[in-house]
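Enquirer: Please read through the structure below; I'll follow up with questions.
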Amino acid sequence: MCGIVCYIGEQQAAPILMAGLKSLEYRGYDSAGIALLDKGGPAVIKKQGKLAILDEYLQGEKLDACVGIGHTRWATHGVPSTRNAHPHYGRQRDFFVVHNGIIENHQELRAELRKEGCPFHSETDTEVVVHLLEKYYTGDFLKAVLQTVSRLRGTFALGMMSAFHPDTLIGARRDS
Ligand code: GLU
C-alpha cells in the first residue's frame with residue numbers, strides 16, 4: 001500500500017510533497033521519489049529505503065518548482081530498488097507518472113510498446129502508463145490520459161504530470 005501526493009500551486013512543491021509522504025509513512029513502503037517541473041526542466045529524484053534518505057538528499061538540492069508528484073512504493077512488480085521506484089518517466093522525460101495498484105495487462109502492453117521500439121527502464125507494471133501517454137499525446141494531455149486509461153486493466157490510482165503542461169496535474173483511479 002503506497003502513497004501518492006501531488007501538488008500544484010504557488011508554494012515550493014518539494015517540502016509539501018515530502019510532508020505529505022511522511023504523513024503516509026505508516027502505510028509501509030520500500031522506496032520513495034518525487035518529480036518536479038522546474039523552469040530549468042524536470043527533475044526526478046528517487047531513492048530505495050526510508051524517506052529520510054530521500055529527504056537528506058533533497059537538502060542539498062535547489063528545488064524551486066511549484067508543481068510536482070510524489071510517491072512511496074510497495075513493490076508488486078519488480079524488486080524494491082531505486083530504478084523501480086516511482087515516478088516513472090517517458091523516453092523524452094516529458095511525462096511523469098506515480099501509481100498505486102496493479103496494471104493487470106502490463107505484459108501485453110509492454111510487448112506491444114517494445115515492438116514499437118519503446119525502451120523500458122524498470123521492471124514495473126507502472127512504466128507502460130508513461131509510454132502509453134507518450135504514444136497517444138498529440139497536444140491534448142487529458143485526451144492522452146483518457147486514451148491511456150482505456151487501455152489499462154486492473155485497479156489503480158495514478159498521478160500524472162507533463163512538461164508540456166506545467167500548469168496541470170491529472171489524477172485517475174479505478175477501484176482504488
Ligand atoms: N505495481 C506498482 C509497482 O510495483 C505500484 C506498487 C504500489 O502500489 O506501490 O511499482
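Enquirer: Report the label-to-label distance for residue 151 and residue 19 in nanometres (one decimal), using points 7 Å from each Cα along the Cα→Cβ vector.
Expert: Between residue 151 and residue 19, the simple spin-label model gives 3.8 nm.
Enquirer: Could you list the GluC sites (Glu not before Pro) in region 1-76 that lie in coil according to DSSP, counting only those with at most 16 other Cβ atoms within 10 Å of their Cβ?
Expert: Working: sites: 10, 25, 56, 61; in loops: 10, 61.
Within region 1-76, the qualifying GluC sites (Glu not before Pro) (loop, at most 16 other Cβ atoms within 10 Å) are 10, 61.
Enquirer: From Cα pairs below 8 angstrom and at least 6 apart in sequence, can you work out the relative contact order of the chain, rounded to a whole percent?
Expert: Numbers: 387 pairs, mean separation 39.6, N = 176.
Result for the chain is 23 percent.
Enquirer: Could you tell me how many cubic angstrom of Cα convex hull volume the chain has per residue? Show your work: numbers first, answer last.
Expert: Numbers: hull volume 18.0 nm³, N = 176.
About 102 Å³ per residue, rounded to a whole number.
Enquirer: Here is the link list: 39/115; 39/135; 47/115; 22/143. Which ones come out longer than 28 Å on Cα distance? Before the final figure, lay out the partial values.
Expert: Details: 39/115 34 Å; 39/135 25 Å; 47/115 30 Å; 22/143 33 Å.
Among 39/115; 39/135; 47/115; 22/143, the Cα-Cα distance tops 28 Å for 39/115; 47/115; 22/143.
Enquirer: Treating cross-link reach as a plain straight distance, find the aspartates and glutamates whose alpha-carbon is under 18 Å from the alpha-carbon of residue 62, omitting any fewer than eight places away in the same chain.
Expert: Cross-link targets: 10, 38.
Enquirer: Let me ask something else. What relative contact order, as a whole-number percentage, does region 102-176 give when Cα pairs under 8 Å and 6 or more residues apart are counted?
Expert: On the way: 79 pairs, mean separation 21.7, N = 75.
After rounding, I find 29 percent.
Enquirer: Something else now. Would you calculate the separation in nanometres between label points at residue 12 and residue 58, each defined as 7 Å from the Cα along the Cα-to-beta-carbon direction?
Expert: 1.0 nm
Enquirer: Beta carbons within 10 angstrom, averaged per residue: use that to sort the peptides 68-77, 110-119, 42-51, highest first.
Expert: Details: 68-77: 22.8, 110-119: 12.4, 42-51: 18.0.
Averaged packing, sorted descending, gives the order 68-77, 42-51, 110-119.
Enquirer: Based on DSSP H runs of at least 4 residues, each adding -39500 (n - 2.57), what is the mean residue ellipticity at 222 nm of the chain after dividing by all its residues, to the nearest 500 deg cm²/dmol? If you can, show how the numbers build up before the last one.
Expert: Details: 5 runs with 50 residues, N = 176.
Result for the chain, helices only: -8500 deg cm²/dmol.
None of the figures in this text is laboratory data; all of them are computed from the coordinates on show. Only a predicted model underlies this, so the values are computations on that prediction, with no experimental measurement involved. Don't worry about glycine lacking a Cβ; one is built from the backbone with ideal geometry, like all the others, and counts go over all protein chains shown.
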